[in-house]
Every structure is written in C-alpha cells, then in structure tokens.
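Right, one structure below, let's go through it.
Read-outs throughout are calculated quantities, based only on the coordinates presented, and are distinct from any laboratory measurement. Only a predicted model underlies this, so the values are computations on that prediction, with no experimental measurement involved. We place every Cβ from the backbone using ideal geometry, glycine too, and count neighbours over all the protein chains shown.
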Amino acid sequence: MKQTRVSNEEWKKLDRKEKSIIQLCASNSILLNVSGEATMKALWNKLGTLYQSKSLVNKVFLWKKSYNLRMKDGYLVIEHQNAFNTVLSQLLSIDIKILDEDESISLLCSLPDLWDSLVIPIGSNETALQFDEIVSSLLTKEMRLKNMESQNGDALSLQGRS
C-alpha cells in the first residue's frame, strides 16, 4: 500500500477548513471565548477546557440539569428524548457513567403526570428496565394518543355538520 505525503501547505488548508467547520457550528457567545485560537487543535482544546471541564462544579451543574429535566405538556416524546440524551451525553463526556436502569428511571421520572398510566405497568415488571424498550413504549403510547385525538377531532367536526 502506497503512502501519500501531505504537504505543509495542504495541512494548513485542511486545518483552516476544520477550524471553519467548528466555528460555523458554535454559537456567537461560544465564539467570543475561543476567537483567538490559531489552529483547529488549539480551538478544539480550548472548547474542551471551557465546556467539558471535569470539575466538581460542572459535575454538580450537569447532575442538577439531569434531575430537573421535565417534559413539558404538549412536547413530543422525541423532542424530550433528544433533550434527555443531550444531558446524558454531557454527563458521559465528563466521565460520569449511568447504569441503563438508572437512565430508564430518570427518563420515566422526567415525564408529566399524564404518562403515569404507562409508568406504572413498566415499573411492575420484575425484569431490569431496558432504556430502548421504555423509549419504544413511550413512542407507541404517543402515537396511540395522537390517533385517539385525531379520531375524536374527526367525530367532533362531523358532529357539527348538517
């Protein structure tokens, strides 16, 4: 297998491209904190230092964020799951490991009271909670609720016609 060498000029060009991609993905408030970094590696390291700190303060902040996460009424399950997964990935990025069952319990606890009719049967199951199964159950229940709403809406609109 033949190895190709990349010239210094090509490396600089690649570095500028990668740095630009990172900058495009960052919000303005983040860019203000890292604007002076000359290379992609320096920029990436600065972002890691600022936003993936493994300090006690950051750990407490992220734990608190995960405990206080609640699904708002009217939100889609998938929107809430995305917010939930974002917090979990932030915890993982600072080396906080969460057991699958604890992840499942946290997700169930973050649901509004409307979802208790799903939480109770899941909780009565004797086997360990599986996160993917719970998410699947939530999505299925949401589809059923939407289907019931659309059927009720159709019945109401037909009822008003002469």
Between LEU56, LEU108, LEU118, find the one with the highest GNM mean-square fluctuation for the chain; connect C-alpha pairs within less than 10 Å. LEU56
Under 10 Å, Cα contacts only: if you run a Gaussian network model on the chain, which one of GLU101, GLU79, GLU149 comes out with the highest mean-square fluctuation? GLU149
Formal net charge of residues neighbouring ASP132 (Cβ-Cβ distance under 12 Å; K, R +1; D, E -1): -3
Here are some pairs, LYS12/LYS59; LYS97/LYS146; LYS41/LYS97; which of them have Cα atoms lying more than 30 Å apart in this structure? LYS12/LYS59; LYS97/LYS146
Would you calculate, for the chain, the mean residue ellipticity at 222 nm contributed by helices, counting each DSSP H stretch of 4 or more residues as -39,500 (n - 2.57) and dividing by all residues, to the nearest 500? -23000 deg cm²/dmol
Report the charge-dipole magnitude of the chain in Debye, nearest 20, computed about the Cα centre from +1 at each Lys and Arg Cβ and -1 at each Asp and Glu Cβ. 1060
Among LEU107, LEU145, LEU88: highest mean-square fluctuation, GNM of the chain, C-alpha pairs under 10 Å: LEU145
A chain fully extended from ASN82 to ASN68 at 0.36 nm per residue, minus the present Cα-Cα distance, gains in nm 3.5 nm
